[in-house]
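**Student:** Before we start, here is the structure in question, set down as structure tokens.
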Amino acid sequence: MKGFRVQGLGILFAIFCLIFAFLYPLPYTLYPGYAADSTPSASVKAKLDILKQEIASKAAKLKSEINQKLQNKAYIGTVKTKSDEHSSTGFKTITLAVSSGLKLVTVNQDTIYETKSKRSKFSLKSLAEEDYVAALGDVDEIGTLIAKKIILQPDPTKDVTSVFWGQVISLSEKLVIKTKDLKNITVTAGDNTNFSDVKLNDFIIVTGVVNDSQILKADFIYVIPQGGFLKTKKTATPSATPASSSAKKK
Amino acid sequence: MIMLTNYILNIQYQAVRPYSLGNGPVTTAPATLTLAVSSPDDDSLTFQSAVLVSGSTSPNLPVLISAQSRNVVVQSKFDGSFSTVINLEEGVNQIKIVSFSPTGDQRSVDKTIYYSKEKL
């Protein structure tokens, strides 16, 4: 009986030793210690500082780019309206029709008025509707130009320069090109152009002014070295017609 | 190594290989012709007598840059980019940029800039 008790105590002791042996390393494995010199807050703070610097640098660059876009602008177009002095700002405004639409220009006591030749006098009072002007200055966030200078321009030329691409199908004193739309355009040499470099079947780019006789007076001719090709017009295929009498509408 | 070099050279050769009417188009025409002009800014005022004209279109295409003082055609590069410097006339300068596909399709962008010899 005593032997059994001793044996039981031994087994209990052995179990206790085993449990102790298993549990002893637990605090060292589940909860590892951190190095004192790399705390999480230190590394996060360093990263945040770097991020702040990057953001500040990018913001400064963006601001500089925006300022560049707003400075030194020129609105060129015809005067559409001229308004009286604004009660609060003291500015007068001019509406210009430019190629991209209507633009607002404000003028003040510092705005300089010039003609292109700088010989004749010009002022805001003498500015009339349909005058062709260039307003120079900086623009604000909403695109209104604060004019430092307004220059009266001569009326824009009525001659519109046309650009054509095509294949040379005839070449003599005049040349004829067939365009993408398979239309024939007759071209004459201009004051500074000739056809010496042009050969039959060449593909060319030509610019110039088309006269009343629909003849283009060339002021620039360029032979495309890699050539090109014209798409032929598609014609209706026989399958487009009814195949049999039964297909015909009765 | 030699095979790799030949492969790269072959790709580059094909990239600049021109198309011709006789042999048919080697370079396939772009599905959609695009043109974007990054410089100069529209409605800009410059105090320099020359301006950079640059942008991008489809690869290996002629691009016409037409200004009052001069017309010039440049070829877009393999990546579609193009650039050239043009001289300006004092005052208003209308610049037209046009790219052409091998079949004659065109894309055009107009820019208006003002060249002043005097600072404001």
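Laboratory data are not the source of any read-out in this text; all were calculated from the coordinates shown. On a predicted model such as this, the values are computed, not experimentally measured, just so you know. Glycine gets a Cβ as well: all are built from the backbone with ideal geometry, and neighbour counts include every protein chain shown.
**Student:** Shielding of B:103-109 by partners, i.e. mean partner chain Cβ atoms within 10 Å per residue?
**Tutor:** On the way: counts 6, 14, 3, 5, 0, 1, 0.
Per-residue shielding by partner chains comes out at 4.
**Student:** Oh, and also: What ranking of B:R107, B:R70 emerges when the number of other C-beta atoms within 10 Å of each C-beta is taken as an exposure proxy, fewest first? All intermediate terms of the calculation are to be shown ahead of the outcome.
**Tutor:** Numbers: B:R107 18, B:R70 13.
Ordered from fewest to most neighbouring Cβ atoms within 10 Å, B:R107, B:R70 come out as B:R70, B:R107.
**Student:** When you look at the Cβ of every residue in B:65-75, what mean number of other chain Cβ atoms sits within 10 Å?
**Tutor:** Working: counts 0, 6, 0, 2, 0, 1, 9, 2, 6, 0, 3.
That average works out to 3.
**Student:** Taking only C-alpha pairs under 8 Å that are 6+ residues apart, what is the relative contact order of segment A:74-248 in percent?
**Tutor:** Here the relative contact order equals 14 percent.
**Student:** Same structure, new question: Using the Cβ atoms and a cut-off under 14 Å, what net charge is assigned to the surroundings of A:A59, where Lys and Arg are +1 and Asp and Glu are -1? It would help to have the intermediate numbers written out before the result.
**Tutor:** Values: positive: A:K52, A:K58, A:K61, A:K63; negative: A:E54, A:E65.
So the surrounding residues net to +2.
**Student:** Still on this structure: Apply the Debye scattering formula to segment A:74-248, with a single equal point scatterer on each alpha-carbon and no solvent, then give log10 I(q)/I(0) at q = 0.15 Å⁻¹.
**Tutor:** The computed values of log10 I(q)/I(0) come out as -0.85.
**Student:** Within a 10 angstrom radius of the beta carbon, how do A:Y222, A:Y75 rank from fewest other beta carbons to most?
**Tutor:** The fewest-first ordering by Cβ neighbours comes to A:Y222, A:Y75.
**Student:** With a 10 Å Cβ neighbour count serving as the proxy for reagent exposure, in which order, fewest first, do B:S56, A:S213, B:S99 appear? Before the final figure, lay out each step's value.
**Tutor:** Values: B:S56 19, A:S213 7, B:S99 27.
By the 10 Å Cβ count, ascending, the order reads A:S213, B:S56, B:S99.
**Student:** Turning to a different aspect of this structure: Let me confirm one metric for peptide B:44-50, namely the mean number of other chain beta-carbon atoms within 10 Å of its residues' beta-carbons.
**Tutor:** Averaged over the peptide's residues, the number is 3.
**Student:** If the limit is 21 Å between Cα atoms, which of A:K73/A:K149; A:K158/A:K178; A:K178/B:K111; A:K183/A:K231; A:K148/B:K117; A:K69/B:K119 go over it? Walk me through the numbers before you get to the answer.
**Tutor:** Details: A:K73/A:K149 11 Å; A:K158/A:K178 26 Å; A:K178/B:K111 29 Å; A:K183/A:K231 12 Å; A:K148/B:K117 15 Å; A:K69/B:K119 17 Å.
With Cα atoms farther than 21 Å apart: A:K158/A:K178; A:K178/B:K111.
**Student:** In a shell of Cβ-Cβ distance under 12 Å around B:F100, excluding B:F100 itself, what net charge do Lys and Arg (+1) and Asp and Glu (-1) give? Working shown, then result.
**Tutor:** Numbers: positive: A:K180, B:R107; negative: B:D105.
Charge balance near B:F100 sits at +1.
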